[in-house]
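Below: the structure, in structure tokens.
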Amino acid sequence: MRAPGFTLLESLVVLLIVALAATALPRVSGAGQGGIVRAAADGVAASLREARLVARAEGREARVVFDAGLGTVRPVRGPARPLPAGARLTVEGAAAEADAEGRIAIRFDAEGGSTGGRVTVALGTHAAAVEVDWMTGHVR
């Protein structure tokens with residue numbers, strides 16, 4: 001006859017389930033505004049890196065166009081992508097790359113250099129910036 005209670009194996013299985021649930025909870029509940037801002041900045045950085053790769057691989061200029069008024073990023077390939085709702089976009093770049101409608105581009109040349117700049121995505125009190133070195137075109 002077995003004594004009432006839990007075995008060691010049953011207790012370990014329950015602890016494992018609780019631990020897995022605890023690690024999944026932040027992903028399910030959302031990362032909050034900070035995570036949204038970081039993800040948007042990562043998307044901006046990916047678009048800029050792609051433009052640099054295209055410029056070098058194809059031996060031609062490539063541009064990523066930012067529209068701060070609309071809050072959109074237009075990568076080298078594909079349509080403009082909006083930032084998350086409520087996010088603000090600030091772009092610091094070469095004045096020669098701005099147009100009359102308020103859009104500004106960061107341009108990469110065939111050698112990998114760029115016009116350089118800084119793109120900041122902000123939502124509430126959270127902000128994340130992506131910088132492009134004008135000489136090397138490196139995105140960080």
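The values are calculated or read from the model by the stated rules, or taken from the named source; none is laboratory data. The model shown is predicted, which means the values in this text are computed figures rather than measured ones. Surface areas here come from the heavy atoms of the whole protein model, side chains and all, with no ligands, DNA or RNA. Shrake-Rupley method; radii C 1.70, N 1.55, O 1.52, S 1.80 Å.
Using only the alpha carbons of the chain, determine the length spanned along each of the three principal axes and report them from longest to shortest in whole angstroms.
Result, largest extent first: 85, 33, 24 Å.
Share of the chain's accessible area from carbon and sulfur, percent, 1.4 Å?
Roughly 62 percent, rounded to a whole number.
Any idea what the relative contact order of the chain is, in percent, if you count C-alpha pairs under 8 Å spaced at least 6 apart?
23 percent
Excluding ligands, DNA and RNA, what is the solvent-accessible area per residue of the range 42-126 at a probe of 1.4 Å, expressed in Å²?
Numbers: 4380 Å² over 85 residues.
I get 51 Å² per residue for the range 42-126.
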